[in-house]
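The values are calculated or read from the model by the stated rules, or taken from the named source; none is laboratory data. From a predicted model like this one, the values you see are computed outputs, not experimental measurements. When we count neighbours, we look across all protein chains shown, and the Cβ atoms used for this are built from the backbone with ideal geometry, even at glycine.
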Amino acid sequence: MQQDRFDRILSFLLGASWAILVFGALILFKSLLPLGLGFTIFVTIFFIFITLLLILLLDAFVINRKKLDEAKKQTELLQKIYSKHT
């Protein structure tokens with residue numbers, strides 16, 4: 001039950017991060033447009049880059065969680081095989 005809750009939280013955070021990326025970039029672009037197009041594009045691309053790095057970090061959490069679950073399954077299977085042969 002605890003793993004399921006953790007997976008749901010990570011999935012929610014990933015979805016929210018993508019929404020923040022899209023809407024944040026749009027709002028940032030529109031609000032900074034009076035300061036100049038070049039500056040606005042630079043700041044928006046910087047915001048998108050930083051947000052994509054944070055999304056990548058969350059995705060790394062998900063991947064490492066799946067790797068840990070798979071390693072636990074393999075360890076359990078190896079222990080069963082070992083106990084049958086000894």
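General remarks:
- Answer from F49, F61 - the residue that is surrounded by 11 or more Cβ atoms within 10 Å (Cβ to Cβ) and on the phi < 0 side of the Ramachandran plot: F61
- Between L35, L52, L78, L56, the distinction of being closer than 27 Å to D7 by Cβ and more than 19 Å from the chain's Cα centre (by Cα) belongs to L78 only.
- The listed residues are K66, K72, K30, K84, and the only one of them that is modelled with pLDDT of 95 or more, charged (D, E, K, R) and out of contact with any strand residue (DSSP E or B) (no Cβ under 6 Å at 6 or more places or on another chain) turns out to be K30.
- Residues satisfying the stated conditions in region 31-46, i.e. of a type outside the set (A, V, I, L, M) and exposed (fewer than 13 other Cβ atoms within 10 Å of the Cβ): S31, P34, G36, G38, F39, F42, F46
- Screening region 11-30 for residues that are more than 14 Å from V62 (Cβ to Cβ) and not hydrophobic (A, V, I, L, M, F, W, C) and picking the one that is surrounded by the most Cβ atoms within 10 Å (Cβ to Cβ) gives G24.
- Scan region 10-43 for residues that are part of a helix (DSSP H, G or I), over 30 Å from R65 (Cα atoms) and not basic (K, R) and the total you get is 16.
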